[in-house]
Each structure stands twice: as structure tokens, then as C-alpha cells.
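Encoded as C-alpha cells, the structure appears first; notes follow it.
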Amino acid sequence: MGGPLVLGIETSCDETGAGIVRGRELLADSVATSMDQHARFGGVVPEVASRAHLEAMVPVIEGAFAKAGVRPADIDAVAVTAGPGLAGALMVGVAAAKAYAYALGKPLYGVNHLAAHVAVDQLEHGPLPSPCVALLVSGGHSSLLLVPDVTGSVEPLGATIDDAAGEAYDKVARVLGMPFPGGPPIDRAAVSGDPTAISFPRAKYHDGTLDFSFAGLKTAVARWVEAREDAGSPVPVADVAASFQEAVADVLTRKAVAACRQQGVSDLVIGGGVAANSRLRALAAARCEQAGIRLRVPRPGLCTDNGAMVAALGAQLVSSGRPPSSLGLPADSSLPVTDVLVH
Ligand code: KG4
Ligand code: ZN
């Protein structure tokens with residue numbers, strides 16, 4: 001397979017990612033995480049994350065080159081997450097990308113992290129249908145997007161009005177005494193639980209919008225667990241996890257299908273860390289099949305933050321002839337989802 005050879009760098013949160021792709025072919029995906037250093041705080045500490053990126057950056061990038069079997073001089077471009085994310089963490093990645101681009105004399109592409117979560121699916125399932133609807137669910141964002149062209153045209157259809165889905169997972173995990181990030185342990189605990197055991201609220205279920213709200217659900221879980229503890233009763237952790245997870249997956253998939261119907265679109269792609277969730281994947285598959293919608297979800301390792309997703313979007317920007325970013329590229333912690341490429 002041909003196409004531009006691109007190095008992608010991702011540092012928006014706690015993962016230091018470097019990926020190398022050739023067109024839509026994944027050659028290497030190297031990731032280091034500072035999660036262990038944040039776990040005892042119950043959330044990512046920005047300054048700790050920035051410092052860890054600095055230490056991990058060069059080994060992770062060199063690891064990616066070694067794995068891909070290509071030399072730095074061979075690449076056609078460097079892509080980097082310019083936002084949204086933690087300001088200091090983003091700055092480390094952007095500075096590294098500028099250094100590589102300048103030293104190698106290659107163009108630099110500052111890309112949107114959220115668009116990259118959507119673009120990564122192409123490494124596995126080929127070109128994105130145009131248009132498609134994207135359900136983007138991560139630790140910081142929960143959005144429904146109409147994507148006529150992931151390299152330039154991404155339109156918001158709806159978003160969470162409070163907590164992101166991943167944030168709700170992380171907070172509920174804390175209530176249940178599970179480690180951070182909360183998605184994977186809740187996903188595992190839910191396997192042996194009954195998703196119908198507790199009827200947790202599904203906010204905005206019937207409101208006719210494509211927006212979400214997860215703050216009330218998180219609070220409802222916390223109150224339910226507290227009430228059990230106050231009564232001196234054991235907390236049925238697996239049932240709470242399964243019932244919470246069911247509420248999240250139910251709302252997300254219902255609204256994603258509604259978005260496709262409203263837009264007359266028959267292709268849905270799900271991306272972001274929460275897309276790794278087993279129940280979300282299964283329920284989305286069932287509901288899409290019922291609704292005649294084709295579903296695409298990257299394998300779990302490509303759903304959570306990584307450098308390959310940045311490289312994938314970068315390669316597509318190069319292929320579609322977009323002008324590169326300047327070496328003055330800023331990191332923008334609140335980059336809007338509509339800005340796919342930053343100059
Ligand atoms: O996309 P991501 O890696 O980072 C951000 O861009 O935020 O998403 C991280 C989020 C965390 O909240 C984490 O708990 C959640 O994704 N997550 C999951 C699973 N794996 C990661 N949530 C539910 N089930 C999972 N298996
Ligand atoms: Zn992400």
C-alpha cells in the first residue's frame with residue numbers, strides 16, 4: 001500500500017504516543033503512559049503528565065521508528081496533536097514535532113485530537129464513507145458529529161452538557177473503590193453483574209436532541225452506593241457497574257442511531273477511549289444492525305489515545321493536499337472540534 005509516510009505525535013493527556021503510518025497502513029504504534037504516577041490522585045495531574053511526556057518523548061519516537069523499520073529521514077511529514085487537551089502536555093508534543101520537522105526539513109501538521117479519534121478507524125476498516133456520523137466518547141468529550149470529510153469538514157450535531165461519558169466512568173469507579181482510569185475496571189466488573197439490577201437514570205433520553213448529560217447518572221450511582229453503605233449493607237459492585245454501564249451505553253447508542261436517522265446517513269463510526277467499552281460495542285452493533293446502519297469501531301487499542309491516530313489523520317491531510325501548519329503552530333487546549341488542522 002502506498003501513500004505518505006507520516007510520524008504522528010500525541011501528548012494531549014497522559015499517553016505519550018508516537019505512530020508511523022504509510023497512507024492507511026499502520027507501521028508502528030508506540031505508547032508510554034504516566035498513568036501510574038496519577039493513580040493515587042484519582043485523576044491526571046497536568047504538571048506530572050507534562051514532565052512524563054518530556055522524559056518519554058524521544059524513546060517513544062525512536063521505538064516507533066525501530067518498529068516501523070524506517071529512518072527519520074524517510075518520512076514525508078510530522079503530525080502532532082495541537083489540541084484539545086492539557087495545555088502543558090500538548091506543548092511538549094508540539095515542541096517535539098516542531099523539532100523533528102525542522103531538523104528533518106519536513107512539513108508539520110498540527111491536528112485536532114478529536115478528528116484523529118475518528119480518522120484512526122481507517123487504519124483498520126479503510127476509507128471513511130462520506131458522509132458518516134461519528135460518536136466520539138472520551139475522557140473529556142462526548143459528541144455526535146456529522147463528518148462529510150474528516151480532513152476538513154466536521155459538524156457538531158450534539159454534545160454532553162456536563163460530564164463526558166469517560167469522566168462518568170472515572171468518577172463512578174472512584175465511588176466503587178476501583179483504580180483510575182475507571183473505564184477498564186468497570187467494564188471488567190460488569191461482566192459478572194446484572195445490567196437490570198438497578199434502574200439508573202437516562203438523562204435526556206426522550207428530549208429529542210442529540211445532546212447528552214452524565215452528571216446526574218454519576219450522582220445517582222454515588223447516592224445509591226452511599227445509601228447501601230449507610231444501611232450497613234454490602235455494595236453489589238458488579239451489579240452497580242453493569243447497571244451504570246448499561247445506562248451509558250443505552251443513551252449513547254440510542255442517540256447515535258437517532259443522529260444517523262435524522263441526517264439520513266447509514267454509516268456510524270465510534271471513537272475515543274470509551275469506544276473500547278465492551279457493552280457499548282455490543283449494543284451499538286445490535287442497534288445498528290436493527291436500524292440498517294453500518295457500524296465501524298476501531299479495535300480497543302486504537303480507541304484510547306495513541307500516536308497512530310494522529311499519523312493517520314496527518315497522512316490523510318498530506319494526501320488531500322492540505323497546506324501544512326507553520327513552525328509557529330500553537331497548542332490550543334480548547335481547540336474546537338470543527339478545526340481539524342491548525343495553522
Ligand atoms: O480517548 P481517551 O484515551 O483520552 C481522552 O481523550 O480523554 O479516553 C479516556 C477515557 C477514560 O475516561 C477511560 O476511563 C475511558 O476512556 N475508557 C473506557 C474504557 N477504556 C477507557 N471507558 C469504558 N470502558 C472501557 N473499556
Ligand atoms: Zn482521546
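Filtering Gly216, Gly232 for residues that are among the small types (Gly, Ala, Ser), more than 16 Å from ligand 2 (Cβ to nearest atom) and either more than 28 Å from the chain's Cα centre (by Cα) or at pLDDT below 95 (or both) leaves a single hit, Gly232.
Residues in region 79-89: is at least one more than 16 Å from Met309 (Cβ to Cβ) and among the β-branched types (Val, Ile, Thr)? Within region 79-89, none of the residues are more than 16 Å from Met309 (Cβ to Cβ) and among the β-branched types (Val, Ile, Thr). State which residue is farthest from ligand 2 (Cβ to nearest atom) when the search covers only region 184-196 and only residues that are among the charged types (D, E, K, R) and surrounded by fewer than 19 Cβ atoms within 10 Å (Cβ to Cβ). By that ranking, first place goes to Asp194. For Gly152, the test of being at pLDDT below 95 and away from ligand 1 (no atom under 12 Å from the Cβ) is passed. Scanning region 117-140 for residues that are among the polar types (S, T, N, Q) and more than 16 Å from ligand 1 (Cβ to nearest atom) turns up Gln122, Ser130.
Taken together, the residues in region 2-39 that are away from ligand 2 (no atom under 13 Å from the Cβ), in a loop (DSSP other than H, G, I, E, B) and touching a helix residue (DSSP H, G or I) at 6+ places or on another chain (Cβ under 7 Å) amount to 5.
Only one of the numbered conditions (1) surrounded by fewer than 19 Cβ atoms within 10 Å (Cβ to Cβ); (2) more than 15 Å from ligand 1 (Cβ to nearest atom); (3) in contact (Cβ under 8 Å) with a residue 40 or more places away in the chain is not met by Val48, and that is (3). Going by what's in this entry, would Thr304 be described as within 16 Å of ligand 2 (Cβ to nearest atom) and hydroxyl-bearing (Ser, Thr, Tyr)? Yes: the conditions hold for Thr304.
Would you check which residues across region 117-133 are more than 16 Å from ligand 2 (Cβ to nearest atom) and of a type in the set (D, E, K, R) and list them? Hit for region 117-133 is Glu124, nothing else.
Count of region 138-183 residues, restricted to those that are within 15 Å of ligand 2 (Cβ to nearest atom) and in a helix (DSSP H, G or I), is 6.
When you check Asp76 against the structure, is it surrounded by 24 or more Cβ atoms within 10 Å (Cβ to Cβ) and of a type in the set (Asp, Glu), yes or no? The answer is no for Asp76. In region 93-119, the qualifying residues are those that are touching a Lys or Arg at 6+ places or on another chain (Cβ under 8 Å) and hydroxyl-bearing (Ser, Thr, Tyr), and the one that is farthest from Ala134 (Cα to Cα) is Tyr100. Only a single item in (1) closer than 24 Å to Pro84 by Cβ; (2) away from ligand 2 (no atom under 16 Å from the Cβ); (3) part of a helix (DSSP H, G or I) is not met by Leu268, and it is number (3). For region 97-116, filtering for residues that are within 16 Å of ligand 1 (Cβ to nearest atom) and either over 13 Å from Glu10 (Cα atoms) or among the aliphatic types (A, V, I, L, M) (or both) leaves 4.
Each residue in region 155-168 was checked for being surrounded by fewer than 21 Cβ atoms within 10 Å (Cβ to Cβ) and either within 17 Å of Thr81 (Cβ to Cβ) or within 16 Å of ligand 1 (Cβ to nearest atom) (or both), and 2 pass. Take the conditions (1) under 29 Å from Glu246 (Cα atoms); (2) within 16 Å of ligand 1 (Cβ to nearest atom); Val147 misses just one of them, which is (2). When residues in region 210-225 are screened for being in a helix (DSSP H, G or I) and touching a residue at least 12 places away in the same chain (Cβ under 8 Å), 9 of them pass. Screening the candidates Asp29, Asp36 for the property of being acidic (Asp, Glu) and within 19 Å of the chain's Cα centre (by Cα) yields one hit, Asp29.
The values are calculated or read from the model by the stated rules, or taken from the named source; none is laboratory data. The structure displayed is predicted, hence computed values, not measured ones. So basically every Cβ, Gly included, is an ideal-geometry build from the backbone, and we count neighbours across all protein chains shown.
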